[in-house]
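Reading through the structure tokens given below for one structure.
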Amino acid sequence: WKFDGEEHSIPDSTQIAKSVEKVNYKNIVLDKKSHTIFLKQKAMKIGFRATGKGYAADKPSGLLKQLGVPARIVNASGDLVTWGLLPNREKWKIGIQNPYEIEKAVEVIKIMNGAMTTSGNYEKYTEINGKRYAHIVNPKTGWPVSGITSVTVIGENAEFCNGLSTSIMLLGVEKGLELLKKYPNYGAYILSDKGKVIRSSNYKKVKRKLRRAR
């Protein structure tokens, strides 16, 4: 899968199976003493798409906090971390993008201290024979995920929000919400490919928490 808009046919099943045959985090060897990473199998690669942007947002935000900056917002290509209040003493207002009308938001939330990330199938994809195939691929099957258009996760840490939003895209609504129950400090706003809005049971509670000072 290239997801560059130039694909006109689905890769054959052999190619798809081969693309994920080396996917296995157990083949990554970390050496903390020498600060090295070793990949056990030839032609393996490491990608940071699932959590990289969230990590990239968290780090400068943490540095600004150490420097005593009283208020900040860090935007890593849509993955956001906020702290403090705007100069007019208002909270940050962050919109959840409408996948069907990009210039509009499906919901706007107010955050004082927290993070928000979104995973979706509406920006990077390819269409083949009238069907859309999104860039988020199931690592077990090699096929693009389906059933969910976007997942927005709010919580304390952008990197973790990022991992959860991608995981929910992969798992689907039911299993994704079940996973989220393990992490009560994170809430999800899910938009199905049928346009249905699903909020995690703790979504409102997490929103209230992120409005408060810490």
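The values are calculated or read from the model by the stated rules, or taken from the named source; none is laboratory data. Computed from a predicted structure; not experimentally measured. Here Cβ is always computed from backbone atoms with ideal geometry, including for glycine, and neighbour counts include all displayed protein chains. Note: accessible area is taken over every heavy atom of the protein model, side chains too, but ligands, DNA and RNA are not part of it. Shrake-Rupley method; radii C 1.70, N 1.55, O 1.52, S 1.80 Å.
Filter the range 90-113 for residues that are surrounded by 14 or more Cβ atoms within 10 Å (Cβ to Cβ) and part of a loop (DSSP other than H, G, I, E, B); which is farthest from the chain's Cα centre (by Cα)?
The selected residue is LYS91.
Go through the residues of the range 73-80 one by one and say whether even a single one is open to solvent by 20 Å² or more (accessible area, probe 1.4 Å) and out of contact with any helix residue (DSSP H, G or I) (no Cβ under 9 Å at 6 or more places or on another chain).
No; the residues of the range 73-80 include none that is open to solvent by 20 Å² or more (accessible area, probe 1.4 Å) and out of contact with any helix residue (DSSP H, G or I) (no Cβ under 9 Å at 6 or more places or on another chain).
Which residue, of LYS182, LYS205, LYS194, is assigned to a loop (DSSP other than H, G, I, E, B), open to solvent by 20 Å² or more (accessible area, probe 1.4 Å), within 29 Å of PRO60 (Cα to Cα) and of a type in the set (D, E, K, R)?
So the residue among LYS182, LYS205, LYS194 that is assigned to a loop (DSSP other than H, G, I, E, B), open to solvent by 20 Å² or more (accessible area, probe 1.4 Å), within 29 Å of PRO60 (Cα to Cα) and of a type in the set (D, E, K, R) is LYS182.
For the range 70-117, name all the residues that are polar (S, T, N, Q) and either in contact (Cβ under 8 Å) with a residue 40 or more places away in the chain or farther than 15 Å from VAL151 by Cβ (or both).
ASN75, SER77, THR82, ASN88, GLN97, ASN113, THR117
Which of (1) within 28 Å of THR117 (Cα to Cα); (2) surrounded by fewer than 10 Cβ atoms within 10 Å (Cβ to Cβ); (3) modelled with pLDDT of 90 or more does LYS42 not meet, given it meets every other one?
(1)
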